[in-house]
2 protein chains.
Amino acid sequence: MTDEPLVIFTPSGKRGRFPVGTPVLTAARQLGVDLDSVCGGRGICSKCQITPGYGEFPKHGVTVGQDALSEWNEVEARYDRIRGMKEGRRLGCQAKVMGDIVIDVPPESQVHRQVIRKSATTRDITMDPATHAYYVEVAEPDMHEPSGDFQRLSDALRQQWQIDGLEADAVLLGRLQPILRKGEWKVTVAIHKDHRGKPRIIDLWPGFWEGRLYGLAIDLGSTTIAAHLVDLRNGNVLASSGLMNPQIRFGEDLMSRVSYAMMNPGGDKEMTSAVRHALNGLAQAISTEANIDPRQIVEAVFVCNPVMHHLLLGIDPVELGQAPFALATSESLSLPASDLELGALHDHARVYILPCIAGHVGADCAAVALSEEPDKSEDMVLIVDVGTNAEILCGNKDRVLACSSPTGPAFEGAQISAGQRAAPGAIERVEIDPVTKEPRFRVIGSDLWSDDPAFAAATAATGITGICGSGIIEVVAEMRMAGLLDAGGLIGSAEQTGTPRCIPTGRTNAYLLHDGTANGGPLISVTQGDIRAIQLAKSALYAGARLLMDELQIDKVDRVVLAGAFGAHISPKHAMVLGMIPDVPLDKVTSAGNAAGTGARIALSNIGARAAIEAEVKRIHKVETAIEPRFQEHFVAANAIPHATDGFPELSKVVSLPDVSFNTGGSGGGADGGRRRRRG
Amino acid sequence: MTDEPLVIFTPSGKRGRFPVGTPVLTAARQLGVDLDSVCGGRGICSKCQITPGYGEFPKHGVTVGQDALSEWNEVEARYDRIRGMKEGRRLGCQAKVMGDIVIDVPPESQVHRQVIRKSATTRDITMDPATHAYYVEVAEPDMHEPSGDFQRLSDALRQQWQIDGLEADAVLLGRLQPILRKGEWKVTVAIHKDHRGKPRIIDLWPGFWEGRLYGLAIDLGSTTIAAHLVDLRNGNVLASSGLMNPQIRFGEDLMSRVSYAMMNPGGDKEMTSAVRHALNGLAQAISTEANIDPRQIVEAVFVCNPVMHHLLLGIDPVELGQAPFALATSESLSLPASDLELGALHDHARVYILPCIAGHVGADCAAVALSEEPDKSEDMVLIVDVGTNAEILCGNKDRVLACSSPTGPAFEGAQISAGQRAAPGAIERVEIDPVTKEPRFRVIGSDLWSDDPAFAAATAATGITGICGSGIIEVVAEMRMAGLLDAGGLIGSAEQTGTPRCIPTGRTNAYLLHDGTANGGPLISVTQGDIRAIQLAKSALYAGARLLMDELQIDKVDRVVLAGAFGAHISPKHAMVLGMIPDVPLDKVTSAGNAAGTGARIALSNIGARAAIEAEVKRIHKVETAIEPRFQEHFVAANAIPHATDGFPELSKVVSLPDVSFNTGGSGGGADGGRRRRRG
């Protein structure tokens, strides 16, 4: 044993020698060990709890004696009496090093604990949000050295927390004096400091404040607005909630909303007002769910497509509806929530909006890139976020490309005769027997297939109401696999297919999936028009992906990531039968869930991630599908199911598609290829 | 002659050689010659006009040929045709150097023209305001290199004007796109960039904007609010206006307003609202006077005492009413005018408030220091700004001290039996014949003395209504010189003084200055109570000055500067007879006019001055009169007229004061010395 005992921290493994009597917290700080403290080591906050280890540690080469730490002191005793401390715990600021010691920092005592684990990459997200609460002790005023209370608070924060250049607005300056005096010159200050701005006071409380600060991660979509309520101290998601975007009443898709703004003076203001109102309602609702006051929400991070981005900010989106699709501003924004009239949040709450990549490739796509990190990928990855527009990223650590493709709402069940949103009663899974051509299906709300004797009873409450997006993809793919649909997209007649389920509807045919009319339910069929809508959507998606692959001079990718809530429900096999995505081994198709929402949570939890995605967005190469002649070519070729020219060798290993053709020279021919829709 | 012609600029005398064909503007920029340009040399703004000189210039050693500049070009011809150009002028961006040339930059083509000349010091104030308008040409959007319009505007400003890190709020971002397109990618942008913040867009206009930006320099006093409206391009004062501070209804002096806030919950909010309302009215009125739209006012600079400072900011001033007189914030503030509800100004106008020196020594005193620059003075200067409180600065280039002294409102005519504010009809000058003891006087509104035969007619319209501050000082000093008042401050009886104008009033005497009762006017006399009020006020002022002199270990100063509107009207001799100010040669007493207002104009005109005064305020040593025991001693000793113990040798050279004493042991004794008032 030397004069200076050895201190070893786990799980970090960091170690160093310190003079006898050094507080554990001090040792941790000097070694850069992640040990929390809100009160700065004053024995008030109890955040610095550690677990000392005693006995033999051959792995570390030390023996820890029972007297390796100073004795339990009165601060610890008082804390334990009032609040209770777990067995074996000590306060890091009180316990002093007396001999060689092994100290474990439990997860709840780590500031930068991991909150979002990304299995696809090596990076884990740790808590380092923009807004923190700091406890400080402020010097009292001195007539001989007159300075403002705010200046002495700033000095204290600089000295005790290394926070420099503090700012505060007039309203908070007005609250400062009574709070300092009530707290007897001890105060807890919530400070917002992101990766580029000056630190600003958000709120303050007398003495040591035990409250919590919350943040919202919001994925503001054209159709739905989804939010996570996050505890900014530990990253816990307290509630997740969503609602329909009320702008839907101005137009279902983005282009119709841009048109509404163009045709109706002040229409953009109406839509801005509608979405801001909805966001306030969402903040209220999610707070009620989590049983907190929405005014404790001090930050909101937004990801959204460019049109939503502009309408949120109160910017007329008209330029986004016409070439050259110029954004008013493309870089990230950090601004007061009050600028966006988000009055439900804390008065001094801040908003961060991720950068847009291009006029059609928004902050939502940036959030997907932040979550999925194609720029860190060793292999070539294609990431598609399927919504009314599909955002597509393709690349690897060398280079990443992005584009947006106007798939339209067919994948969401819109523009489909029996289509509906994913809700109980909607058909979500379909199988068609290749021999009998009889279908069986499952509906949301029940795990039973429709050929199960208990199915009718299990679905009695919800009924069988329509087909949702994933059901559409499955039924069309199953029809193709069962020989009911040819490569050109034509549904065969009863005669051609040998099943009475193929019924004539005018000059084309439809496939009867379910007839509920006997029980007062709907007749659910897949019409030729439905097939055309799906063909347009999947062609746009595939053409966008191919355009990026062309630019990268590759003709296959190593893996495909399906992002978005929809992506989580798509069967990779069915998607590939349709030719939605390029051919890869089926086990190389994974779902990332709501990657945009995850990206928003990452940006809310870690300001370093904000800087990282801002830099990465500048590196991502944008491809504008609207002006690429090859997009049209790819689109036409992708109209066939799965494709007119591209082979799907990996798919062929598991599925063989019947070589049927129902084209009798009549109408309804396959490859019309016309762009019936632009930007949806 | 060499290959590179010699270019000499006057009046700067800067010279250099440039390749043939160099535009004059380019040469000026390379030499650091102050030659204006708003459009960046595109021949649009015409701000870079210069006057070439031809012929022999023996002083410069050059001969300038007629072909020393390129010929008049079509841009110049067009400008001359449309707007007209003065004889002999050229556009600096168009005229190219062809041979040796002498070029004069006329004052209107200088950006940094001198606008405020300070005779007391060597420094002149040049125009370098925080808000400028810049003309830029912005790159059009490119789908292949997508970036926001705001980012391309930022790039243009960086490249063309070296403005880095531009910011804009959401509202201005929303206006950007239509303006850029209307101006065909040419735009004029007003940008606020002070000495510490990031540059922010204030407004923008399509194309080259010819309009003007204005600023307000506001001296927000307890009694009056005075404002100058300044053209931010050239520093011209377009209008000056003032109004009563409406907070007077909550209390005449500062302490009574602090009391109002203490006694009435929400009282501080009422006073804040009142002053902000008045400021909006003032902005309207001054704009009407200058025939501009108040929404063209993009900046306001405030100087004020600490209580006004807090009430303007919406901060309860209660802490300023009790030791230790802690300011909520002491440093300068830069904030949006909307934070102060100054809705009459431009929507995005900014406010700058000078720093406070201490709890009793406000931004108004800082403004006096900025204007009078005691820190640059070679000799020892005492600066007193006389108002309801006196702000006192004392020092030289080595060290400057400051304090505030509670003189009360007597010097402003309040608490004086016949006192009134300076207005037509008020007695402002007084002389008393030392032999006859008869007075003569002048009133505001007439240049005649009251013994002039034409006086009655000249003052018939206004009447003779009372005595204003300067009149009070003169009459009391004259009474002392005429032997009507003794050193202790007692007015003699008719018997003691030999004049029936000394009339008994209860147990003391009064001096009858004017009896207007015959004409229905007032009886104007100076009572013993008036003398006591003046004694309290002047003792406080003198004691404050002496306290600073003690701290500096000096017993005399080299010169005295009287600041404030009141200071401009005080007769130095009478002030010194009263013992308001320390003894110096009378010609060393000067008036600085409204130095606080001048300081506000300087800070409005020049951002370097803001940085300078912020640094200087940190160096100024503050002395708190309320806690200095010696202040009481000095106060008591200063009660005598002119002083109980301090000699006035310089005064003695020009005035000999009769050695009278009217103290008969009765009441009304002189040196009560009690602090009857605190902070007014």
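The values are calculated or read from the model by the stated rules, or taken from the named source; none is laboratory data. The model shown is predicted, which means the values in this text are computed figures rather than measured ones. As a convention, Cβ positions derive from the backbone with ideal geometry for all residues, glycine included, and neighbour counts pool all protein chains shown.
Residue-level check: of (1) more than 14 Å from chain B (Cβ to nearest Cβ); (2) crowded, with 20+ Cβ neighbours inside 10 Å; (3) under 22 Å from B:Gly314 (Cα atoms); (4) not small (Gly, Ala, Ser), A:Pro206 misses just (2). One residue stands out among those in the stretch B:274-317 that are touching a residue at least 40 places away in the same chain (Cβ under 8 Å) and polar (S, T, N, Q): the one that is surrounded by the most Cβ atoms within 10 Å (Cβ to Cβ), which is B:Asn305. The residues listed here are B:Ile464, B:Ile491, B:Ile473, B:Ile531; of these, the one that is farther than 22 Å from B:Gly408 by Cβ, buried (at least 20 other Cβ atoms within 10 Å of the Cβ) and of a type in the set (Val, Ile, Thr) is B:Ile464.
Sort out for me the strands (runs of 3 or more DSSP E) sitting completely within the stretch A:4-73 that have 2 or more residues that are within 41 Å of the chain's Cα centre (by Cα) and surrounded by 14 or more Cβ atoms within 10 Å (Cβ to Cβ).
On the way: elements: A:6-10, A:15-17, A:49-53, A:55-57, A:62-64.
Ranges flagged: A:6-10, A:15-17, A:49-53.
With respect to the conditions (1) away from chain B (no Cβ under 14 Å); (2) at pLDDT 95 or above, A:Gly413 lacks only one, and its number is (2). Which one is surrounded by the fewest Cβ atoms within 10 Å (Cβ to Cβ) among residues in the stretch B:612-655 that are in a loop (DSSP other than H, G, I, E, B) and within 14 Å of another protein chain (Cβ to nearest Cβ)? For the stretch B:612-655, the residue satisfying everything is B:Glu628.
Evaluating A:Asp452 against the criteria (1) of a type outside the set (A, V, I, L, M); (2) more than 24 Å from A:Pro642 (Cβ to Cβ); (3) outside the structural domain of A:Gly544 (by TED's automatic domain parsing); (4) under 31 Å from the mean Cα position of the chain (by Cα) leaves one unmet condition, (4). Scanning the stretch A:583-611 for residues that are modelled with pLDDT of 95 or more and part of a loop (DSSP other than H, G, I, E, B) yields A:Asp583, A:Val584, A:Pro585. Selection of the stretch B:225-259 for residues being in contact with a Leu (Cβ under 8 Å, 6 or more places away or on another chain) and surrounded by fewer than 16 Cβ atoms within 10 Å (Cβ to Cβ) yields B:Val237, B:Leu243. For the stretch A:546-569, a tally of residues being buried (at least 23 other Cβ atoms within 10 Å of the Cβ), of a type outside the set (Gly, Ala, Ser) and under 20 Å from A:Ile641 (Cα atoms) returns 5.
Looking across A:Ile225, A:Ile179, A:Ile163, A:Ile201, one residue alone is in contact with a helix residue (DSSP H, G or I) (Cβ under 7 Å, 6 or more places away or on another chain) and within 13 Å of chain B (Cβ to nearest Cβ). It is A:Ile201.
Among the residues of the stretch A:438-478, the one identified as hydroxyl-bearing (Ser, Thr, Tyr) and assigned to a helix (DSSP H, G or I) is A:Ser470.
Residues that are within 13 Å of chain B (Cβ to nearest Cβ) and touching a strand residue (DSSP E or B) at 6+ places or on another chain (Cβ under 6 Å), at least 2 per element: which strands (runs of 3 or more DSSP E) completely within the stretch A:310-408 meet that?
On the way: elements: A:333-336, A:350-353, A:381-386, A:390-396, A:399-405.
Correct list: A:333-336, A:350-353, A:399-405.
On the stretch given as the stretch A:175-196, residues that are assigned to a loop (DSSP other than H, G, I, E, B) and within 27 Å of B:Gly197 (Cα to Cα) total 4.
A single member of A:Glu614, A:Glu628, A:Glu624 is among the charged types (D, E, K, R), outside the structural domain of A:Ile191 (by TED's automatic domain parsing) and at pLDDT 90 or above, and it is A:Glu614.
Scanning the stretch B:140-160 for residues that are surrounded by 22 or more Cβ atoms within 10 Å (Cβ to Cβ), more than 7 Å from chain A (Cβ to nearest Cβ) and modelled with pLDDT under 95 yields nothing.
One residue alone among B:Leu69, B:Leu91, B:Leu25 is out of contact with any strand residue (DSSP E or B) (no Cβ under 7 Å at 6 or more places or on another chain) and in contact (Cβ under 8 Å) with a residue 24 or more places away in the chain, and that residue is B:Leu25.
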